[in-house]
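The values are calculated or read from the model by the stated rules, or taken from the named source; none is laboratory data. Computed from a predicted model, the values in this text were never measured in an experiment. Glycine gets a Cβ as well: all are built from the backbone with ideal geometry, and neighbour counts include every protein chain shown.
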Amino acid sequence: MRTPGALADAERWTAHNYHPLPVVIADAEGAWVTDVDGKRYLDFLSGYSALNFGHRHPGLVAAAHAQLDRLTLTSRAFVHDQFAEFCHRLADLCGKELVLPMNTGAEAVETGIKVARKWGYQVKGVPDGQAEIIVAADNFHGRTTTIISFSTDPDARNDFGPYTPGFTIVPYGDSDAIAAAITPNTVAVLLEPIQGEAGVLVPPAGYLAGVRQLCTDNNVLFIADEIQSGLGRTGKTFAIEHEGVVPDMYLLGKALGGGIVPVSAVAANKDVLGVLKPGEHGSTFGGNPLACAVGTAVVKLLETGEFQQRSAELGAKLHEGLNALVGRGVLAVRGRGLWAGVDIDSERMTGRQVSEKLAARGVLAKDTHGSTIRLAPPLTVTEADLDHALAQLAAIL
C-alpha cells in the first residue's frame, strides 16, 4: 500500500492550508481517477468545476501537446500567434467586444475590481479614492487580501487584516438590499449567479434580472463571477443566462483551462475594458501561448452547445435522484445542471463523514459548511456513472 506513505509525506512537507480526503491520485481519464494503489474513483468534484470536460479530454490534450512542441511563453511584451484567436472566440462566446486574459480565478476577480474602479473614476466621475463595490454575504471570489476583505467566511478572513476598504456587503438574493446600498459612488455590483462555496445556493427567481435593472438605472456595472458556475456547468454557457440576463462584465476561469493549465479572463465591452492603458495592469503568464491554445480548444467545445445540453439533461437526472433521497437522510437539494448542494441531516453525520464514506465506496465529493456536500461531476459523465454515485450515497444514508 503506497497511500499511507504518500499521505504522510504530504503532511510532512506541505503547509496545512487544506484538509484533503485520504486519497492519492496517480492517473485519470474522463470522469474516473485511479490512486497510487490502483483503486478507481468516480470524480464528483471535477476540481471545483475546473474539469468540466473531464480528465485528459483528448481534444484538449492534443491542443496542449501541439503547442508544447512550438511555443509556450512570450510574455505580453510580444504578440504570439495563438493570442488573437483565443480572445476573439472567447469574446464572441460571451457576446462582448474585448477579453483580458489572466491565469487564476482570483486574478480575474482582482482585474474586474480594478477595471470597475478605474471606470468609475474616468467614466462615471466618482471622486478619486471613493469608489464602492457592492458584494453579497457568503460569497467566495478567491483568497487574495483584497478579496478576503469582503468575505464573510471567518476561515477565509480572520487574522489576515488589515482589510481593503471600498466594499459594501448585503444579503445574497435580496435586490432591495442592493437598491438601498447603492450610492453615487457605487461603481459595480459583484455577484456569483449561483454561490458555489456557500453550498450551491441558487438565488430567488427574478433576483438577477432585478439586479441588472438596478445597475442599468443607476449607471453601475454588473459583474458576474462565472468562474465556477460558467462554461456549461449549469446547463447553459453561463449560469446568469437562466434569467436571460447579460452582465457588463464576465469573470471566467477554472474550466477555461480545460484542467490542463490555469487560464482566467475578463470579458466586457470597449467602454468598460477600454479604460485600461499600457502599463496599468498585466501578468507575465496571462494569455501565454499554451494557455491560449488550450483555451481556444475549450471555447470550440462550448461553441457546439453539446456540453451545455449534456449538463441540462444529465443534471435533471442527477437532481431527480438526489431529491428522491430527501427525507431519507437528505434535508434539501439545490443547484442547476450537473451541480448540486446536498444538505445532510446533521443528526446522522457531517458532510466530511459523508465525503469519507463516499470515498471508501469509490466516489469523490467534498463537504462545505458542516453538513453540506457539493456534487459537480464532469460534463462527460454517463448515466451509468450517475446511477452508481447516487446508489453509493443512498447506501451510506
**OP:** Determine whether segment 79-92 contains at least one residue that is outside any loop (DSSP other than H, G, I, E, B), more than 30 Å from Pro20 (Cα to Cα), acidic (Asp, Glu) and assigned by TED's automatic domain parsing to the domain that holds Ile223.
**Re:** yes
Subject >> One residue from Thr152, Thr168, Thr146 being of a type in the set (S, T, N, Q) and part of a strand (DSSP E or B) >> reply: Thr168
**OP:** State whether the residues of segment 82-89 include one that is over 24 Å from the mean Cα position of the chain (by Cα) and basic (Lys, Arg).
**Re:** no
**OP:** Using the structure shown, decide if Ile240 is part of a helix (DSSP H, G or I) and under 14 Å from the mean Cα position of the chain (by Cα).
**Re:** yes
Original post:
What pairs come up if the first residue lies in segment 56-69 and is closer than 14 Å to Gly257 by Cα and not assigned by TED's automatic domain parsing to the domain that holds Asp81, the second is assigned to a helix (DSSP H, G or I) and aromatic (Phe, Trp, Tyr), and their beta carbons are under 9 Å apart, counting only those six or more places apart or on different chains?
Top reply: none
**OP:** Please state which one of Val354, Val342 is outside any helix (DSSP H, G or I) and crowded, with 19+ Cβ neighbours inside 10 Å.
**Re:** Val342
Subject >> Top-ranked residue in segment 175-232 [being outside any loop (DSSP other than H, G, I, E, B) and of a type in the set (Asp, Glu); ranked as farthest from the chain's Cα centre (by Cα)] >> reply: Asp217
Original post:
Which pairs have Cβ atoms under 6 Å, sit 6 or more apart or on different chains, and link a residue in segment 151-177 that is among the basic types (Lys, Arg) to one that is surrounded by 15 or more Cβ atoms within 10 Å (Cβ to Cβ)?
Top reply: Arg157/Ile148; Arg157/Ser151
**OP:** Kindly provide the set of residues from segment 105-142 that are of a type in the set (Asp, Glu), farther than 20 Å from Arg212 by Cβ and touching a helix residue (DSSP H, G or I) at 6+ places or on another chain (Cβ under 9 Å), ordered by number.
**Re:** Glu110, Asp128
Original post:
So which of Gly274, Gly258, Gly244 is farther than 15 Å from Ile113 by Cβ, touching a residue at least 12 places away in the same chain (Cβ under 8 Å) and buried (at least 19 other Cβ atoms within 10 Å of the Cβ)?
Top reply: Gly258
Original post:
For segment 195-207, does any single residue satisfy the condition of being outside the structural domain of Val333 (by TED's automatic domain parsing), surrounded by fewer than 22 Cβ atoms within 10 Å (Cβ to Cβ) and among the polar types (S, T, N, Q)?
Top reply: no
**OP:** Say whether the condition of being among the aromatic types (Phe, Trp, Tyr) and within 30 Å of Asn269 (Cβ to Cβ) is met by at least one residue in segment 40-54.
**Re:** yes
